[in-house]
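The values are calculated or read from the model by the stated rules, or taken from the named source; none is laboratory data. These figures come from a predicted structure and were not determined experimentally. With ideal geometry, Cβ positions are generated from the backbone for all residues, glycine too; neighbour counts draw on all protein chains shown.
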């Protein structure tokens, strides 16, 4: 059986197309995380040296992601949707009770004013607060 020029050209184009698809699919990195690129979270850590303080973790609109309790405290941890530590229109987003179990507590809550973290006097835990 003799192949004519058009048949040979079709076979070559198909072979190149398959090779191109295989090369591009094999090089793609699969995103296995829970957020896409540019949606990463920022974090701040609370430790015993921040006891008795309130601070603005993120000013302006943000999303409060989670609290990771690495070591619990004998006191509470409170987070507010607020513009500053003296914001009278603030709302409490979450209060983690004293001696809460270690683990990750996910909130994914929008804070339209900002995110303020309060560590009361006597705070001795290690918590990581995430936001974006």
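Odds and ends about this structure:
- Pairs with Cβ under 6 Å, 6+ apart, first in region 85-111 and more than 16 Å from residue 127 (Cβ to Cβ), second part of a loop (DSSP other than H, G, I, E, B): 90/82
- Out of 94, 89, 57, sole residue that is closer than 16 Å to residue 130 by Cα, surrounded by fewer than 18 Cβ atoms within 10 Å (Cβ to Cβ) and out of contact with any helix residue (DSSP H, G or I) (no Cβ under 7 Å at 6 or more places or on another chain): 94
- Residues in region 1-41 that are under 30 Å from residue 63 (Cβ atoms) and surrounded by 10 or more Cβ atoms within 10 Å (Cβ to Cβ) were compared, and the one that is modelled with the lowest pLDDT is 35.
- Residues in region 97-115 that are within 17 Å of the chain's Cα centre (by Cα) and surrounded by 15 or more Cβ atoms within 10 Å (Cβ to Cβ): 107, 109, 111, 114, 115.
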